[in-house]
Each structure stands twice: as C-alpha cells, then as structure tokens.
1. Take the Cα atoms of segment 286-466, find their three principal axes, and give me the spread along each one in whole Å, biggest first.
2. Full-extension gain between MET400 and SER161, please, as 0.36 nm times their residue separation minus the C-alpha to C-alpha distance.
3. Under unit Cβ charges (Lys, Arg +1; Asp, Glu -1), what dipole magnitude, rounded to 20 debye, does segment 277-352 have relative to its Cα centre?
4. Charges at C-beta only: +1 for Lys and Arg, -1 for Asp and Glu. How large is the resulting dipole of the chain about its Cα centre, in Debye rounded to 20?
5. Roughly what percent of Cα-Cα pairs across the chain reach past 36 Å?
6. Subtract the Cα-Cα distance of LYS447 and GLU174 from 0.36 nm times their separation in residues, and report this length gain in nm to one decimal.
7. Name the helices (complete DSSP H segments) of the chain with a Cα length along the long axis of 15 Å or more and a Kyte-Doolittle mean of at least -1.0, or state none.
8. Rounding to the nearest 20 debye, state how big the charge dipole of segment 417-486 is about its Cα centre with +1 on each Lys and Arg Cβ and -1 on each Asp and Glu Cβ.
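Quick note: the coordinates plus some simple rules give every number you see, no bench work behind them. What you see is a predicted model, and the numbers here were worked out from it, not measured in a lab. A quick note on method: Cβ atoms are made from the backbone with ideal geometry, for glycine too, and the neighbour counts reach across all protein chains shown.
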Amino acid sequence: MLKTGKEHLEGLRDGRTVFIGKEKVDDVTTHPAFKNAAQTVADLYDIKHDPEHRDTMSFEEDGERYSMWFLRAKSQDDLRQRTQAHKKIADLSCGLFGRSPDHVSSFVTGMSTNPSAFDSEENKFGDNLMNYYEHMRKNDIFATYAVLPPQAARNPEFYESQNLPVPTLRVVREDDDGVVMSGMKMLATSAVFCDEIWVGNLLPLAPNQLKESITCAIPCNAEGLSLWMRQPISLNAANEFDSPLTWKYDETDVLVLCDEVKVPWEKIFVMDDTVRSRGVYTETPGHCYGNHQSNVRFWSKMQLILGLCSKVAQASGANEIPVVRETIGRMAALEATLAGMIHGQIEAAEEWPAGYKTYNRRMMYAALNWCTESHSQIVDVLRELCGGGVFQMPASVDIMHDAELKADFEKYFQTPQLAALDRMKLFRLAWDFVGSEFAGRQQQYEKFYAGASFIVRSHSHREADWDFFDGIVDNIMADYDVPEPV
Ligand SMILES: Cc1cc2nc3c(=O)[nH]c(=O)nc-3n(C[C@H](O)[C@H](O)[C@H](O)COP(=O)(O)OP(=O)(O)OC[C@H]3O[C@@H](n4cnc5c(N)ncnc54)[C@H](O)[C@@H]3O)c2cc1C
C-alpha cells in the first residue's frame, strides 16, 4: 500500500506524548511548531501518487505496490532505482530533511536481505525482522531510529554508586508477552512525524551492558513513551519569505524517554546480546543502504549550495571576477565529486549477501566521511560569498505593505543586477542556509547524524582490505635485502 500524505497525517493524531518544555502538544499536525514540516512530510508521501513519479518512487511485487526504498536489490539496476527514488525525495527538501521516510526503512530493507544475522543460539529473531520488514512496506511506515545512549550517561558505575537509576534505555523486566524497558535514547530526528521508532545501538556495548542491547520497534504513541522536543526552530519564522527553510524544513529532534514501555516479543530483534546489537547493522547491508540514502541526500544539498553560490555572486556582480569564478568552479567540482562517489557505489556494487547486490561499502563510507568533514568548509565558502549583503536587508518583508517604505526600498535597494525585492528574497534564503538557527542545527546534524567523526572513520577502517594494502608494501620490500658490502 502506498499511503497518501493525508493518511499519514491522520496517523500522527494517535495520542502520542510530545513535550515542548512543559507544554504537552495535542496534535503535531496543527501545532505551530510542527505543522509546516508535517506538511512537508505529507508532500513526500504524495509524490508517490503523482503519475509522473510513480515508477521512480515505487515498485510492484506480487500485485502489491511498495515504496522504492523497500526494494531489495538483486541487480545494479535495482540499486540505481533505489538511488533515483532517494534523489527525488531529497530534492523535495533540497537535502534538508535527513531522516526522511527512506532512511530507516532502507536500514530495515538492507537487514532483510540477511535475516540470519538476527539469529543466535539463544534467540531466533530473524523471523521477527522479516515480519517487521513486511509490516513496514505493507503499511508504508515512516520510522526513525534512536540508536545512541544519552550523552555523558555511558558510565553505569557513577549511577550505581549513587543509587540512581542508570538513564540509558534498558530492559527492566521480562513478562510472558514481552519485555518492559525504561530509560533514555538520544536523539530521534523526525520522531514526531513518524509512525514508529527503531531502538538499538550503533555504538559498541561493554559485555556487562546486556540489558541495553535491546533492539526493537515501538509505535510513537506507545504507553510510557514521551518525546522531549529541543527548542523548535520553526517558531522563529514569521513567514516563508523571511525564513524560507526554517518555515517548512525543521525536521525536529527529540530525546526519547521510556518509562516502563512494553515491547511485545514479535517486535524484538536483539536482546541480551551486546555483540549482535551492533553487528546487525554491519553484518547486513542495513547500514550501507541507510547511509547511501544519506550520501544522496547530501548531494541534493550540495546542489542547492552550488546554486546559492552562483546566484549570490551574480547578485553582486562578483561572478565576473576571475578569483570568484574560480571559487565557484571549485564548488562545482566538489558537487561533481560527490555525484561521482555516489554513482561509483553502483558501478562497483558488491555481490553481497548471497543473491543480492549492495552498494560498494568502502565508497559509501568514503562519501559519508567526505560529507561529514566537508560540510562546514563548504558552507563557509557560501558565507564568504554572501558578504554583508545578508544584513543589508530590512528586518521583514512587511515593508512591502507600507507604501512609503516600499517606494524607498524599491528605489534605493535595487542594484544593477537585481530589483530590491528579488535581492531580498535571495539573501533571506542564503542567510537561512548559512546563518540562522536552522542553519546552525543543520551544521550540527551534518557533523553528527552518523555518529561523531571518529565513528564514521572507524567504518572505513573496518571495511578496508588491509592484507591488500599491507601486501603492496610487503611486495616492494620483498624485492630487496641488505646489500652486499661495497
Ligand atoms: C541534529 C542531530 C540529530 C541527531 N539525530 C539522531 C537520530 O535520529 N538518531 C540517533 O540515534 N541519534 C541521533 N543523533 C545523535 C548522534 O548520533 C550523536 O550526537 C552522535 O553519535 C555523537 O554522539 P554524542 O553527541 O554523544 O557525542 P560524543 O560521543 O560525546 O562526542 C562529543 C565530542 O567528543 C569527541 N569524542 C568523544 N569520544 C571520543 C573518542 N573516544 N575518541 C575521539 N573523540 C571522541 C567526539 O568526536 C565529539 O567531537 C543526532 C544528533 C544531532 C546533533
């Protein structure tokens, strides 16, 4: 089934507990902090029903239509189709929605190509994973994940020595019909707009953290679950003209707090297994599928950045200056570099697991690292190109509703390149990208969405064929020895 945007929004009115400070939000689809972004999510659902995009965005299997991100790739063409769908979704928010509906669903789809990774001697959870995959694709589920413990709460000894509950989410009880868990996870982007949250662990756990190894799916309205919103950014936007990105692309981030949340056995994928709780991401294509989506999403953002660099330089006429052209040319090269890294993952696809194709993992992790470490510098180039023009503009576009101010504005703020209002519109957009609170949150997201940089690089270290690289050095050195004395 392919949900419509309207159906998805109706599903969000399910009694979920969302707090903004002490305020409990009644309806995330109408609350001023969320409603515009909720509509953006609805638009992502509706694009699948547009006849022009239907075949890019969905596929048919056994007479049923599913969103393209549920396609398990058996060929390079399948991988290509997945990539195209990610690109279409990412283009709709210019890459500003990180956890769009194709992110976590790609993790689960990748995992479903190797469900044996969920089976251990003690627990056979592979079937649960497959049933969850079926449930997700049949109901066109939008899930996010919470796979990191809260910051600075990773040391259980501190809490135990003070007789305090350890704040990290863990199983506190097992009942006949499932487990009960309490504690926190940080963070869950988009959770307020999601149907469900995948709970797990992307960081390694110590052997004694057995109860934290719980990996499961919970509905966003689960009893005992509350979502604690960070400061909503969208409330800073008075109107779309003055803050066009803040207005509709605050995808939100919440702290996930569970107070005795019940998880039925069939929604549990790992428990009491610290090694497997992390292994399920990398011993299946889950992490690779999901982060390929992140690569593609960043590509859309890179295209917006390149467009902004070009338009901002044109607005001041700086685009005619050779050194500025060189700067923009370098940005164009960077955009094409990322495009190449994305296409390369398909051209060098891996035959893995048996019967399936997966994006080239080393190239995917290289792109992930490139995006994480380059974002700030790339945005800084745009910031420099903007100069002080972003602050030259009046505080609000409402000056257009005052005849005298409007006349002055149009007379004095125009430039040889642009009419005053066009210039203001462009610089408002550029500022929302480089300098607003929305921009600050984007910067933090790009640094941390896949874990801190040392985690991102550890994936590249793990996947590299060290025998091969060490062998090159060994081969050279094998060709010579201590020379005869001269
Ligand atoms: C906007 C945003 C959205 C997010 N969305 C999600 C989400 O949807 N789901 C989810 O599960 N998580 C999400 N996260 C959480 C994110 O995964 C974590 O913030 C990230 O993994 C970093 O962990 P941390 O914040 O605990 O930082 P820490 O691990 O405490 O790191 C803080 C700093 O210390 C450095 N550091 C810490 N330990 C080491 C070490 N051993 N070696 C070297 N350097 C070290 C790090 O490099 C970093 O600079 C999100 C985070 C942000 C900022």
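1. 71, 33, 28
2. That works out to 79.7 nm of additional length.
3. 380
4. For the chain, the charge dipole is close to 1100 debye.
5. So the pairs more than 36 Å apart make up 35 percent of the total in the chain.
6. On the way: separation 273, 0.36 × 273 = 98.28 nm, distance 3.72 nm.
In short, 94.6 nm is gained.
7. Span-like helices in the chain: 35-46, 286-316, 322-347, 361-386, 420-434, 453-463, 466-478.
8. For segment 417-486, the charge dipole is close to 1120 debye.
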